[in-house]
1. Hey, among the residues in region A:1-26 that are more than 14 Å from chain B (Cβ to nearest Cβ) and over 11 Å from the mean Cα position of the chain (by Cα), which one's nearest to residue A:53 (Cα to Cα)?
2. Quick one: in region B:180-195, of everything that is open to solvent by 40 Å² or more (accessible area, probe 1.4 Å) and more than 20 Å from residue A:44 (Cβ to Cβ), which residue is farthest from the other protein chains (Cβ to nearest Cβ)?
3. Could you look through region B:535-545, keep only residues that are farther than 22 Å from residue B:456 by Cα and touching a residue at least 40 places away in the same chain (Cβ under 8 Å), and pick out the one that is nearest to the chain's Cα centre (by Cα)?
4. Across region B:13-47, what is the total count of residues that are more than 10 Å from chain A (Cβ to nearest Cβ) and outside any strand (DSSP E or B)?
5. Given B:300, B:365, which one is within 21 Å of residue B:234 (Cα to Cα), open to solvent by 30 Å² or more (accessible area, probe 1.4 Å) and touching a residue at least 40 places away in the same chain (Cβ under 8 Å)?
6. Does region B:568-586 include one or more residues that are of a type in the set (Asp, Glu), surrounded by 12 or more Cβ atoms within 10 Å (Cβ to Cβ) and closer than 22 Å to residue B:499 by Cβ?
7. With the structure loaded, tell me whether residue B:226 is closer than 21 Å to residue B:16 by Cβ and either in a helix (DSSP H, G or I) or of a type in the set (Phe, Trp, Tyr) (or both) or whether it fails that test.
Amino acid sequence: MDDGLILEARMKEVFGSVFNLDRDEVSPEISMQTFGAWDSLRQIQLVLALEDEFKVSFSEKEVGSLSSFTQFFEALRKRAQR
Amino acid sequence: MRISAELERVLSEASAERLPSVLSALHRVEKEDWGLSESASVHFSRNFTVEGIEPFLKYHLYRTALRPSVSFGGYNTVRQDLVSPDWERRRTRTDLLVLALTLEDFAPSSRLPEWDAQQTTKELRALFEFAHQRSASLLALNTFIGPLYPFGSLAPRAADLSGRIRQLNDCAREFADSRPGEVVLIDWDRLARILGEEQTFDRRYGYLARAPFRPAFLNLYAQELAFAVAALKGRAKKVVILDCDNTLWGGVIGEDGLEGIQLHPAEAPGSAFYDFQAALLHLAARGVLLALCSRNNEAEVWDALAHHPHCLLKREHFAASRIGWEDKAEYLVSIARELQLGLDSFVFVDDSLAECERVRRSLPEVVVMQVPAERSELPLMLAKEGLFESLTVSAEDAKRSAMIRQDAERRRAPEESLQEYLVSLQQVVRVHRVRSDEIPRVAQLTQKTNQFNLTTRRYSAAQISSWAEDPNAAVLTLTVSDRHGDLGLTGVLIAHREGTTATIDTLLMSCRILGRELEIAFVERCLADLSSSWKPELFRAEYIRTTKNGQVASFWEREEFSKTGEHDQRAVFELVPAGRKWKVPPFIRILEG
């Protein structure tokens, strides 16, 4: 499995635990605009859970702007490449 | 009560420090019905974003086998919330009301150098008073965290920001201390010291969303709140069962001898064992019972306790002992029988993995703690788990081991007929309406008593207090002494009046006074009191079966009540008081008031 797929699988695990979904129910299409349960409190929980899982820290700017699975995916992949 | 092995496994696999791990454990747990019979309801009235605590709090409540429900009042609207119809509906169903306040949000001026802490202290106290009035059960306050990076830390003055915050915290401490059993204080400042800056604060979300705390901090805060709920629900442990060799001291007394075992206030490795003994003395002073269960020659153990120059624990600190070569699980069962306490109130401490496994397997209700391989972790081992946290410590608690010893003397009384024995005890009792200084002890008995407890209803001090004032309620207490000493407040009866019916809501007796016909004297005396003050046409009483209170299943029938209904675990009884004579056993003396 390439790094992108591993990252996606681990992210689905975290998204699933935050939104109370099974891993397979988490679609990479998911975003704040399209998913009702993703409110501002969930956003905080999601950021903290992803930071804990991937041992990273998002900037003030990022936590205000990252609002979809793909955006978080890109932010995490960039960190992994560095 | 014990959580099912499967639930326990799911929870213990999760690591409470890690948010994703707690979230997925909860995700799994909440999919199923675990048949948890008791619920715990916690409501937050707060001035900042504290919602992040929810998964941690639920996690810790599930760990104590409580079905959690957590709710939050509006953001920074404490006063409005606590007078709202919504709170009015929740009020009596809520076990714990948490007033969660940060200083910056409570007093925005606290950020400025000219901040008037006196004024803030006054306002804070007024808010505590208000929340306490509006709470029907337990209220939790918090301290504020002083600045970790103050200007002028080299030459601190009382008027510094740190000093002023200490003054506020003292006010909170005093408020909780003077309301035992009704108000608890969660010391945020201490939690922050445990974790440090990095793990406590999320400065980023503090500014962006008024959510200033890291998950690690919320986890510890949740754990403390869960301790408070567990104490309220009678889940606190009551007994520590201790091995001797490599537990109370280093080495093996049978091989190393009195001179060879390791136990010393200043020299390692004995100093860790010395500090562990000191921790056990602290627990004993809070009313936790200590017992020995070890594989040794009994005489050598007593010799070490009596003659080792640094042994803090003496024979009289132990309420029971089983020293010998039989199976430890069987020893525990027999200690439980002797102390008349449930095995689920036991914590077993041993250095041997085999013994720990044996007890875990055969007595799953006992909490088993193995002496850590790192001896330096032993002294704090019991304190960290919060297993013994109680809401109050009463005068009775401090005297507890002395009382248990007196009990042993009572049991060793010369062989004589039961009647002669009861006469020789010279029992003296007082029965009266609860006095305000007795309220914490009464609440504590409702929370802790399992065996002689007809309905097993748990009440907070706040609830008892409100009944003490209510003309349609009566809370009666029993205080006992005999020729061996004072047994303290050991019985409670709570009744409610509705029209011409008086209903006995609660009747309980501490297990240390059973078998002496005191229950008859107490109940008869209470019924006589209620008959003359309320003049009811009918007494109604209940028995609600639990796994612990089988011994009182037919109590009301022995008291000449007739059974009028039975459903599931609950039976209802009635008695027409007209013409009934109240009888007190002749060998019990009743003092008025």
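1. The selected residue is A:6.
2. B:180
3. If we take residues in region B:535-545 being farther than 22 Å from residue B:456 by Cα and touching a residue at least 40 places away in the same chain (Cβ under 8 Å), then B:536 is nearest to the chain's Cα centre (by Cα).
4. Number satisfying all stated conditions: 13.
5. Going through B:300, B:365 in turn, the sole match is B:365.
6. Among the residues of region B:568-586, at least one is of a type in the set (Asp, Glu), surrounded by 12 or more Cβ atoms within 10 Å (Cβ to Cβ) and closer than 22 Å to residue B:499 by Cβ, which makes the answer yes.
7. The answer is yes for residue B:226.
So that you can scan it fast, the table gives a plain yes or no per residue for (1) open to solvent by less than 10 Å² (accessible area, probe 1.4 Å); (2) among the basic types (Lys, Arg); (3) touching a Cys at 6+ places or on another chain (Cβ under 9 Å):
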residue: B:476; (1), (2), (3): yes, no, yes
residue: B:502; (1), (2), (3): yes, no, no
residue: B:507; (1), (2), (3): yes, no, yes
residue: B:523; (1), (2), (3): yes, no, no
residue: B:544; (1), (2), (3): no, no, no
residue: B:565; (1), (2), (3): no, no, no
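The values are calculated or read from the model by the stated rules, or taken from the named source; none is laboratory data. Small disclaimer: the values here were computed from a predicted structure and weren't measured. Heads up, the Cβs are rebuilt from the backbone with ideal geometry, glycines too, and the neighbour counts pull from every protein chain shown. SASA here: full protein model, heavy atoms, side chains in, ligands and nucleic acids out. Shrake-Rupley method; radii C 1.70, N 1.55, O 1.52, S 1.80 Å.
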